[in-house]
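Q: Structure below; questions to follow.
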Amino acid sequence: MIAAALSTFKGIGAQVPKLMAQSVIPALGISFFLLVWHLGASNIVTSLGQFPGPAQVWSQTVSLYEEHVEVRQKADRFYERQEKRNAEKLAKNPDATIKWRSYTGKPSFADQIFTSLYTVMFGFLLASAIAVPLGIVCGLSDRMYQAINPIIQVFKPVSPLAWLPLVTMVVSALYVSEDPFFQKSFLNSAFTVALCCLWPTVINTTVGVAGIDRDLVNVGKVIKLSASTNVRKIVLPSSVPMIFTGLRLSLATGWMVLIAAEMLAQNPGLGKFIWDEFQNGSSNSLARIMVAVITIGLIGFALDRCMLILQRKISWDKQAVLR
Amino acid sequence: MKYFLDISQISKTFHTDSGTFEALKDVDLKIDEGEFVSLIGHSGCGKSTVLNIVAGLLDVTNGGVFLEHEQITEPGPDRAVVFQNHALMPWLSVYDNVALAVKSVFKGTKDKSEIHDWILHNLSLVNMDHAAQKMPHEISGGMKQRVGIARALSMQPKVLLMDEPFGALDALTRAQLQDSTMQIHKELGNTVIMITHDVDEAVLLSDRIVMMTNGPAARVGQIVNVNIPRPRDRLALAEDAQFNHCRRLVLDFLYSAHAEPVDEEISGVDTPDQTQSEAA
């Protein structure tokens, strides 16, 4: 039966237009996965009940959305009441000191997503701002490369989570402020992400810059380009593909590490959501964790696609096949 | 001695992981202003090394290169290079590729409109002004090489160095570019050193053909003076006795006498009268 299905499958693949093939084949793949998941899940029983199948996960997705709407309404009502109270106060006594408080209820699932996204982007941009220039310097100068390479090689394989306690202590020691612009937990997560985003970008940028066509480098020497023009007109354009390879690797690992860091340090974000659900241990917990798992995957995928779109926009080579 | 370009007893030894390699030994060549000189020899004989040393992209182990009595120590636009594979920046348009050179070389001496006119002037020298806004991947190999030549010419070099400029092109395109090169050489009177593998090309274009012995320790084997009056026409030359004689001399050197450096031949290097082709 499977063989027959496969042969019709092949027949369809040959006949239908490309667009159809591009949507039908992945849809078949996903359906097959859902089927296996459904069958597999129904056979696993944990202490928190049955392992969630696609249906339970979907219903939890809906309920997480509803909870999010509810939280929003609560917050809106809170602000409404606050405004009313303050207005009344002012009406009675124009000189009264009034206080504006922000809503401090439990963050919804959507709030956690945004916290995580915000954190990963901050850490990633911070790391890229250091890693790309450093990679260019290492690629251009053999001596710099020899000086920095041992450090890169030693720190590269270190799990950024090992840095987490150090980062936490350093942040709380150095970031002392009466009215902090950033929360400490945010900085801890962001710096941890930055520490792991550095290396792939540095290494790939170095390789890209060092691998520029010798002839192009020689052209730059013959026409005596200034160092900055050389970087802008020759070095950067020719190493854009490698820089983006590094950036994409960095962002992907950064996103993975962030979730782990949030779980470990109880910093707000998707990682904390998962940990809280796990500790909560209700019959819905596993399904809700599964929703988070899928969300993390989808966001990681979306981040990578965004980087690809950005690369297409920036790179001169519009013919290049990007994967 | 008053030579425009004096390549004086240069030697080059490369140090590699597997030991040292002596590429050039006592290569000596004097070139007059406006002369068109070809370097010919088998692959690996160090022709490109000579060119790169003159360009300043490689340093010498011994000896020195002097351009108008000044020793060459680094690359510069007075010795523009035309690379075999055009070496255009694929992310810059034809115009911008030339502009990159012009803006860098004439910074402070030409204003904006002069720079613009100069870029177009050099593109029109190689008949590429119509494609100024094209990207390199949109034009043919021959056109790319034309742009490479325009970029080199735009630097107003004292010496134009061409590293097998037409080697990667098909025969018809190559012939067109050779004709263009002759035309430009006639108009501008540049001093040119060209590396080539093509005997006909060397005879057609050059005033002198410098034949190098096989490496390692390559040196100048023999020099043929090509006393064919200019302008030269490739069709008429096919039957020309002088042309065929020069051709014969080069082929003889490459395919029979070239195997080992022979002392008698080298003795005549510095005195063109002795090694001058007797074609006249």
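The values are calculated or read from the model by the stated rules, or taken from the named source; none is laboratory data. All values derive from a computational prediction rather than experimental measurement. When we count neighbours, we look across all protein chains shown, and the Cβ atoms used for this are built from the backbone with ideal geometry, even at glycine.
Q: Of the residues A:I2, A:I12, which is at pLDDT below 90 and surrounded by 11 or more Cβ atoms within 10 Å (Cβ to Cβ)? It would help to see each step written out before you state the result.
A: Details: A:I2 fails: surrounded by 11 or more Cβ atoms within 10 Å (Cβ to Cβ).
Going through A:I2, A:I12 in turn, just one is at pLDDT below 90 and surrounded by 11 or more Cβ atoms within 10 Å (Cβ to Cβ): A:I12.
Q: Tell me, which helices (runs of 4 or more DSSP H) lie completely within region A:207-323 with 3 or more residues that are in contact (Cβ under 8 Å) with a residue 60 or more places away in the chain? Step through it out loud before you land on a result.
A: Values: elements: A:214-222, A:227-230, A:236-265, A:270-280, A:285-314.
Because the criterion is at least 3 residues that are in contact (Cβ under 8 Å) with a residue 60 or more places away in the chain, the helices (runs of 4 or more DSSP H) in region A:207-323 that meet it are A:236-265, A:270-280, A:285-314.
Q: Of all residues in region B:70-94, which are at the interface with chain A (Cβ under 7 Å from one of its Cβ atoms) and touching a Leu at 6+ places or on another chain (Cβ under 7 Å)?
A: Within region B:70-94, B:P75, B:A80, B:V81, B:A87, B:M89 meet the criteria.
Q: Name the one entry in A:A252, A:A302 that is more than 30 Å from A:D215 (Cβ to Cβ), surrounded by 14 or more Cβ atoms within 10 Å (Cβ to Cβ) and of a type outside the set (K, R). Talk me through it step by step, then tell me what you get.
A: Working: A:A302 fails: surrounded by 14 or more Cβ atoms within 10 Å (Cβ to Cβ).
Residue meeting the stated conditions: A:A252.
Q: Additional query: Suppose the filter is part of a helix (DSSP H, G or I) and among the aromatic types (F, W, Y); does B:Y3 pass it? Walk me through it before giving the result.
A: Working: part of a helix (DSSP H, G or I): no; among the aromatic types (F, W, Y): yes.
So B:Y3 fails the test.
Q: Also, I was wondering about something else. Which members of region B:24-78 meet the condition of being within 12 Å of the chain's Cα centre (by Cα) and at positive phi?
A: none
Q: Do we find that A:V193 is outside any loop (DSSP other than H, G, I, E, B), within 14 Å of chain B (Cβ to nearest Cβ) and modelled with pLDDT of 90 or more in this structure?
A: Criteria not met by A:V193.
Q: Sticking with this one: Give the residues of region B:203-261 that are hydroxyl-bearing (S, T, Y) and within 19 Å of B:M182 (Cβ to Cβ), sorted by residue number. I'd like the intermediate steps shown before the answer.
A: Start the filter on region B:203-261 by keeping residues that are hydroxyl-bearing (S, T, Y), which leaves B:206, B:213, B:255-256.
Across region B:203-261, the qualifying residue is only B:S206.
Q: For the list (1) hydrophobic (A, V, I, L, M, F, W, C); (2) modelled with pLDDT of 90 or more; (3) over 17 Å from A:L286 (Cβ atoms); (4) within 27 Å of the chain's Cα centre (by Cα), I need the number of the one condition that A:V71 fails.
A: The number of the failed condition is (2).
Q: Filter region B:89-126 for residues that are surrounded by fewer than 14 Cβ atoms within 10 Å (Cβ to Cβ) and assigned to a loop (DSSP other than H, G, I, E, B) and give the result.
A: B:K107, B:G108, B:T109, B:D111
Q: Looking at B:P157, is it in contact (Cβ under 8 Å) with a residue 24 or more places away in the chain, over 24 Å from A:K318 (Cβ atoms), within 12 Å of another protein chain (Cβ to nearest Cβ) and not in a helix (DSSP H, G or I)? Explain how you work it out, then say what you get.
A: Values: in contact (Cβ under 8 Å) with a residue 24 or more places away in the chain: yes; over 24 Å from A:K318 (Cβ atoms): yes; within 12 Å of another protein chain (Cβ to nearest Cβ): yes; not in a helix (DSSP H, G or I): yes.
Taking the combined requirement at face value, the residue satisfies it.
Q: Also, I was wondering about something else. Residue by residue through region B:171-183, note down the ones that are surrounded by fewer than 19 Cβ atoms within 10 Å (Cβ to Cβ) and either in contact (Cβ under 8 Å) with a residue 24 or more places away in the chain or closer than 24 Å to B:E33 by Cα (or both).
A: Taking region B:171-183 and keeping what is surrounded by fewer than 19 Cβ atoms within 10 Å (Cβ to Cβ), we get B:171-173, B:175-176, B:179-180, B:182-183.
Residues satisfying the conditions are B:T173, B:A175, B:Q176, B:D179, B:S180, B:M182, B:Q183.
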